[in-house]
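The values are calculated or read from the model by the stated rules, or taken from the named source; none is laboratory data. Computed from a prediction, not measured in an experiment: that's the story for all the values here. Neighbour counts are summed over all protein chains in view; Cβ atoms, including those assigned to glycine, are modelled from backbone coordinates with ideal geometry. These area figures cover heavy atoms from the full protein model, side chains too; ligands, DNA and RNA do not enter into them. Shrake-Rupley method; radii C 1.70, N 1.55, O 1.52, S 1.80 Å.
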There are 2 protein chains.
Amino acid sequence: MVLATTATAAAAKDDGKVADFLLDNGMEVVVIPDHRAPVVTHMVWYKIGSADEPPGKSGIAHFFEHLMFKATSNHAADEFDRAVANIGGYQNAFTSYDYTAFNETVAPLALEQMMGFEADRMRNLILTDDVVKTERDVILEERRRSIDTNPHAVLDEEVVATLWQNQPYRIPVLGWMQEMEKLNRADAEAFYDNYYRPNNAVLVVAGDAEPETVKALAENTYGKIARGPDLPPRIRPVEPEQNTKRVVTLSDARVAVPSFSTYWVVPSYRTAEPGEAEALDLLAEILGGGNRSRLYQELVVKQGIATEANAWFRGTMLDATYFTIRGSPRGDAKLVDLEAAADAEVARIARDGVTSDELEKAKDRFVRSMIFARDKQDHIANMFGSTLATGGNVQDVVEWPDRIRKITADQVKAVAARYLVFDHSTTGYLFPETEN
Amino acid sequence: MVLATTATAAAAKDDGKVADFLLDNGMEVVVIPDHRAPVVTHMVWYKIGSADEPPGKSGIAHFFEHLMFKATSNHAADEFDRAVANIGGYQNAFTSYDYTAFNETVAPLALEQMMGFEADRMRNLILTDDVVKTERDVILEERRRSIDTNPHAVLDEEVVATLWQNQPYRIPVLGWMQEMEKLNRADAEAFYDNYYRPNNAVLVVAGDAEPETVKALAENTYGKIARGPDLPPRIRPVEPEQNTKRVVTLSDARVAVPSFSTYWVVPSYRTAEPGEAEALDLLAEILGGGNRSRLYQELVVKQGIATEANAWFRGTMLDATYFTIRGSPRGDAKLVDLEAAADAEVARIARDGVTSDELEKAKDRFVRSMIFARDKQDHIANMFGSTLATGGNVQDVVEWPDRIRKITADQVKAVAARYLVFDHSTTGYLFPETEN
C-alpha cells in the first residue's frame, strides 16, 4: 500500500516529472518537484536494515540510526538538530528491516545546508567508546520502554519470530536485549564503513525544488564523497515452506481487552509473480482496509462483536512478507467467536471471490489515497525511498496505479485461495491474565 | 544423559586410566583402554556442527560429512570403505548441532591403518564440481526421504524452529531444502579449509589399545598434518527469554495415532549453573526415563491412557538446550486428556518435589547404565567425544557419576519449578487428518 505515487497527477499539474539520476560515486538521486508550497523534504535512504545485520548483532542497524545524530569531525552533536529547529524545520529518522532513512522538511533555501549536514555525517562521524556506550544505554532504555513494558509488543515480537523460522525478518528491528547490550564500538565502526557509503544510499527530494538545482547541490555535497567498496547482492536466507499451524499466546495482567492476529507468509512486491502483490494489496483493502471493508462491516457494524477488525499487507519488502488480519472483541463477545467470524470472511473470499463493484471501489480508494498523499511530501518521499531501497525502481512507483487498475477479481480470489490457508498460518492471542 | 563415563569402574578393572594429551599441532587425543576383547573404536570428532553454519548455508556441515567419503589425493572414493569391510570392521559418521564425527570399530592391528585413512581425508579431499553435485543429489534425496515423507519429522522441524527463535539450533541439521539445493564447491572448500584441521579435532580411541601406542601412531599420522589457523571462540546468538506459550499443529492423513510433545528451554551442561544440568538429567529420569518413571507408571500402567509417555533432557550441548515430554494416547483415549495428565505430573514434581527413594533409585539406574555402557565402546567414545566437542573436558566426564550422586531432591524440585513453566513452553501436536 505504501508502494504508490502521484506521478500522473503531478505531471498534470505541470510540476514536472520525477527525475532520477546517479552521481558519479554511485549515489542515486530522485527528485519529485511540487511547487505548490515553499517546502521541501530531503531524505537519505541507506539500503541497510535490521535484516542485514550479522548474526548475534541484532539492533546494530537501529543503533546506528541513533549514532548518526552524534558529533562529526565538522559539527558538534547537536548542531544539525539546532540548525533544523532554527529555521522552523522538521527532522526525523527511522530504521526498518530493509532500510534506514533520515529526513528533514525545511524551506527550499535550506536544502543545501541539509545536504551539507547529511553528507558530512555519512562519513565523518566520530565514534568513541564513550559515544557508543552512552547511546547504547539509550537504545536499551528504548527497548525496555517500548517492548518490555508493553504486552502487545512482547507478543508481536514472538509471533513474528514464530512466523519467520529462517528469514531474518524474525529478528526485531530494535534487536534482542541480550545482543544489544553487547554492541560495541568495533561493531559500529564496521557497520558504518560497510554501509554508510554513497553507493549504498538513495537521496529523495520532494517538494519545491527543481531537478537541475538538486543535482548541482548534490554534486557539490554528496558528490564529494568517495565511492565505497561494492557491496554484495542482498541475498538473505529465505523461508522454507510452512507446513504447520502455529499459535502463540500471552496472558498478562496489563491487558484490558483480548485480541488476535493471524499472519500468513506471502510474496512482497519484490518477490511476487506479476500482479500477485497488487492483488494482495487490493485483497487487504477489500477484506479489512477501512470502514467499508468486509471485516469492518460484518464484525463491527453488522454483528457488533468487534471494536476493531482489519487486514494489512506489508508489500514493500525485499524478501517474502506477511498478510495479516487482526481483531478485538466488543463487550461480552468472545475472542474465539470473533476469530471464527473473521476467518469465515477470509474463507468466503478465497471460495467466492470479490464482486467487481467492491474491486472497483477498492481501486478508486487506492488511487484517491495516492492523490491525497500529494499533500504529504514525506509520504511521497517514502513511497520512492522505500521502493528504491527494496529492489524496485522509479518506474515501479510511477506505474503502480496502472498496475492496480488492471487487477481482476479472479486475481484477488486467486491470491486469497493460494496464500490465506489457515493450516499454514500463525496466530497470536493476547489475553487478560484471567481469561485463557 | 549422554554425559557419562565408566572411568571409575574401568580403573577398578585395571584397564588403565583415561589418557588425554595434545599433539603438537593442537589435536586432542583421548584414550580409554579396555582390553577385555580385541576390538578398538577409533573416532575423530570435529568441533563443527550445523549450528556453526554461515547464514543461508544450512546443511553444509552434514553435506561435508558425506563429502568426507569421497576420493582424496591418496585414495579412491571407496578405498577406505573397502579396507574397513575387508577386515570385518564397522564404519559410521554423523553430524549434529555442535559436532561432526567419524568412527571405525576394528581389530587393534588395523588402528594405524584407520588413522592413516582418517588423517588423509582431514586435508587431502579432492572437491570437484562433479563430486559436489553428485553428493548434493544424495543429501537432497536423504532430506526428501527422511523428512518430507514423514509427518513426525516435518512437525518436529517446525516445533524446534518455533522453540528457538534466535539460537541456531532452530535450523535442522540436514538443512532447509532451498538452501541445500544451492550448496556448491566454493561453500564446501571454505568449510573444509576452516574447520577440518587438527586443532579443531578430537581423536577418541576406546578399547584394546594403550595410550603410548595410540600416541605414537597418532603422531605418525595426524601429527604430520599442519596446524590450521586459530578459530574464533564458538560464540553464537543466544536465545531471548521466552514470554509466550507456543503451539505448532500438523494434521496429516499419513498419521495413524496422534501425539504431543512439549519443549522447554533449559540450560545445557555447558551453560548451566553448578548442579542444574545434573538435576535436569535426574528429573528426566524420574519423570519419564523408562518403565519405572512417573509418566509411564501413571499414564501407561495406572490410567492406561497412553501407549507411550516419556521425558528427555538433551544435556550435552554447547548452548542452551531443551527438556521435553512426549506422549501418545492408547485406544479411545483423547490426546487432550493424556496431555493434561502428563502436565499434572510435571506440575506435581515442580510443586511437591521427588521422594528420596525415587531419587536414589534414579541415581542407581544412571550409574548402572554407565557401567553397562562399558560393553559398548562406541557409547563410551561418544560420551567423551560429545563432551569434548561441546566445551567440556575429560574430567567432566570422569567425575559425572560423583556429581550425579550429590544432587538433592530439593535441587530436582528447583529445576522443575524454575524451568518447566507451561506458559513459557512450546508444544507440537500431530493429528490424523480427520482429528483436530
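Quick notes on this one:
- Taking the Cα centre of the protein assembly as shown as reference, the dipole from Cβ charges on Lys and Arg (+1) and Asp and Glu (-1) amounts to some 800 debye.
- Eligible aspartates and glutamates near B:K361 by straight Cα distance, threshold 13 Å, same-chain separation 8 or greater: B:E285
- Label-point spacing for A:R185 across the identical copies (point 7 Å from Cα in the Cβ direction), in nm and ascending order: 4.5.
- A point 7 Å from Cα along Cα→Cβ stands in for A:D332, and the other copies hold the same point at 3.6 nm, listed in rising order.
- Of all accessible heavy-atom area on segment B:97-197, the percent that carbon and sulfur account for (1.4 Å): 52
- Degrees separating the helix B:377-388 axis from the principal Cα axis of chain B, which is the longest one: 90
- In order along segment A:38-44, the phi-based Karplus estimate (6.51 cos²θ - 1.76 cosθ + 1.60, θ = phi - 60°) of 3J(HN,Hα) comes to x, 9, 9, 10, 10, 10, 10 Hz; Gly and Pro are listed as x.
- Per the rotation superposing chains B and A, the chain B residue found at the smallest beta carbon distance from the axis is B:V247, 2, distance in Å.
- Centroid-to-centroid separation of segment B:92-165 and segment A:86-117 [C-alpha atoms, Å]: 53
- Whole-Hz ³J(HN,Hα) from phi, Karplus 6.51 cos²θ - 1.76 cosθ + 1.60, for segment A:97-109, glycine and proline x: 5, 10, 7, 10, 9, 10, 9, 9, 10, 8, 6, x, 5
- Rounded Å value of the spacing that divides the Cα centres of segment B:207-254 and segment A:312-360: 46
- Per residue, in Å², the accessible surface of segment A:332-375 once ligands and nucleic acids are set aside, probe 1.4 Å: 51
- Sequence-distant residues sharing a close amide H with B:G228 (under 5 Å, placed H): B:N199
- If R0 equals 22 Å, the separation of the Cβ atoms of B:D230 and A:Q178 corresponds to a calculated FRET efficiency of about 0.25.
- On Cα atoms only, tilt of B:185-195 relative to the major axis of chain B in degrees: 90
- Choice from A:P55, A:P108, A:P211 showing the highest fluctuation, given a GNM over chain A with Cα pairs closer than 10 Å: A:P55
- Choice from B:P229, B:P401, B:P267 with maximal GNM fluctuation in chain B (Cα, 10 Å cutoff): B:P229
- Among beta bridges identified by DSSP and lying wholly in the protein assembly as shown, the antiparallel ones come to about 80 percent.
- Value of [θ]222 nm, deg cm²/dmol, for chain A, DSSP H segments ≥ 4, -39500 (n - 2.57) each, nearest 500: -12000 deg cm²/dmol
- The magnitude of the dipole of segment B:246-432, with charges of +1 and -1 set on the Cβ of Lys/Arg and Asp/Glu and taken from the Cα centre, is near 220 debye.
- Copies compared at B:T355 - label distances in nm, ascending, label defined 7 Å from Cα in the Cβ direction: 7.1
- Of the chymotrypsin sites (Phe, Trp or Tyr not before Pro) found in segment A:67-118, the ones in coil according to DSSP and having at most 16 other Cβ atoms within 10 Å of their Cβ are A:F69.
- Each Cα pair under 8 Å and six or more residues apart adds its separation to the average, and for chain A the resulting relative contact order is 24 percent.
- Given charges at Cβ of Lys, Arg, Asp, Glu: segment A:246-432 dipole, positive-most of A:G353, A:Q377, A:A277: A:Q377
- Each residue of segment A:420-426 was assigned a 3J(HN,Hα) from its phi angle through the Karplus curve 6.51 cos²θ - 1.76 cosθ + 1.60 (θ = phi - 60°); the sequence is 8, 9, 5, 5, 10, 10, 10 Hz, with glycine and proline shown as x.
- Between A and B, accessible area buried - total, square angstrom, nearest 100, 1.4 angstrom probe: 2300
- Segment A:240-354, relative contact order [Cα under 8 Å, separation at least 6], %: 29
- Loop-located chymotrypsin sites (Phe, Trp or Tyr not before Pro) in segment B:244-287 (DSSP state other than H, G, I, E, B) with a sparse environment of at most 13 neighbouring Cβ atoms within 10 Å are absent.
- Fluctuation leader among B:I235, B:I147, B:I60 - chain B, Gaussian network, Cα springs under 10 angstrom: B:I235
- Angle in degrees between helix A:211-220 and the longest Cα principal axis of chain A, rounded to the nearest 10: 60
- Other protein chain Cβ atoms within 10 Å, averaged over every residue that makes up B:152-159: 2
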